[in-house]
Amino acid sequence: MKKYIFYLVLIVMLSVCGNFRQAEAYSVTVQKDGIYAEAIPDSFVNNTAVIFKKYVKKAMKYYHKYKDADTYTYMSKIPDEYRDFIPVARQIQDSDEIIIRNPFYIYQVSDAAEPEIQPSSYCFYAEKNGKKLCMFCIDINVETGKLSLRYDKMENSHFTYDEETMENNHFVYDKKTLGETLFYEIDEAIYAETPDKTSVVWNRKLPEGATHEMILVDGVYDPIDWKAMEREFNGKAYDEKKDEILGYLTKTKKSRLIKKVEKNLKQQLKDEYVESEEESSEAGNFTMVGVYILLGIGIMVIGVIVGECILKQRSAG
C-alpha cells in the first residue's frame, strides 16, 4: 500500500512541477539570412538565441509568481520589458523549434547627417515551427553599453507575417521577399522597400510644421532641412538606398560602442557567450603567441643551463 501511495505522490509532484516549468527542451537557433546579416555585428546575431531564451525564462518566472495577483500588483511588480513579453513566452512549449532569422535595421535618414550616432536597435523575426511567433528588437543602451530585448505588441502587429500581400496598411511579408527588404523611417513613418515596390509599415507622422531640427556643427547649432534630405533619399533607386544603409551599418560595426557592448555581453553571458569567427581567430592567435613566448623562454632557460654546464666543465678541466 505504501508503495502505491509513494508512486501516487510522485506522479502528483511531477505534474505540479510540469505546470510551473517553462520549456527547457525547446530549441532556439539563429539563421543568418537577408541582406542585413553581414552588416550587423556577429556578436549580436550569434548571441540573440541566448538572450531570447533568458528573456523567455525570466518572463515566465514573473508570470508564475504574479499570475494570480490583483491587476495593480501584476502591473507594478513585473517590469514592462518582461510583462509585455509574457504572451509570447507562454506560447512556447517543450517540443517547439524556434528559429530567429532575417536580422534587420530600421534606418533613419538622419543617420547620414549624424554618422557619429550609433545604431541603438537591431530587429529580428522569430518563427515557431515554421510560423511567425513575433518580431522583436535588441536594444543598445548607449550610456552603459548593455543590451536588452524589446518586444512591442503594437510594433509587432505592424510587422505581420503572412504568405499574402499588403493589407490594412500593415507590412505583410513572405519568406521570399523578406530577405531583400530595406526598412527605413522618414518623418515618423516606417517604410519597407523591395526591388519591386515600396510599402508603408507604420505611419506615425509628426504634426504639420515639425520639419526642422537642430544639430551641433563645429560648435554652432545649424538647422538641417530634413525634408530636403528625405526627398533626396526617396529619389534614390533601391540599390542606392541599399548601399547607403548597409554602408552606414558596416562603418559602425566596429565602433567603440560596439566593442563596449561585446565586452559587457561576454561578462553577462559568461560560458553561454557565442564567439564570432573573428573572435575565435583572435583568441587562437593570442594562444599561439603565448605558446611561442613560452617556447622562447624555455629555449633561453635551456641555453643558460647548458652554457653554465659547459663553463663548469671547462673550469673543472
| Within the range 124-148, how many residues turn out to be touching a residue at least 24 places away in the same chain (Cβ under 8 Å) and not in a loop (DSSP other than H, G, I, E, B)? | 15
| field | Among residues of the range 210-235, those that are open to solvent by less than 60 Å² (accessible area, probe 1.4 Å) and either modelled with pLDDT of 80 or more or not in a strand (DSSP E or B) (or both), counted | value | 7
| field | Residue ranges of helices (runs of 4 or more DSSP H) in the range 35-118 with at least 2 members in contact (Cβ under 8 Å) with a residue 60 or more places away in the chain | value | 42-66, 86-89, 110-113
| Of the residues that make up the range 157-174, is at least one at pLDDT below 75, touching an Asp or Glu at 6+ places or on another chain (Cβ under 6 Å) and more than 23 Å from Asp33 (Cβ to Cβ)? | no
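The values are calculated or read from the model by the stated rules, or taken from the named source; none is laboratory data. Small disclaimer: the values here were computed from a predicted structure and weren't measured. Don't worry about glycine lacking a Cβ; one is built from the backbone with ideal geometry, like all the others, and counts go over all protein chains shown. The protein model used for the area step is the full one, side chains on, heavy atoms only, and it has no ligands, DNA or RNA in it. Shrake-Rupley method; radii C 1.70, N 1.55, O 1.52, S 1.80 Å.
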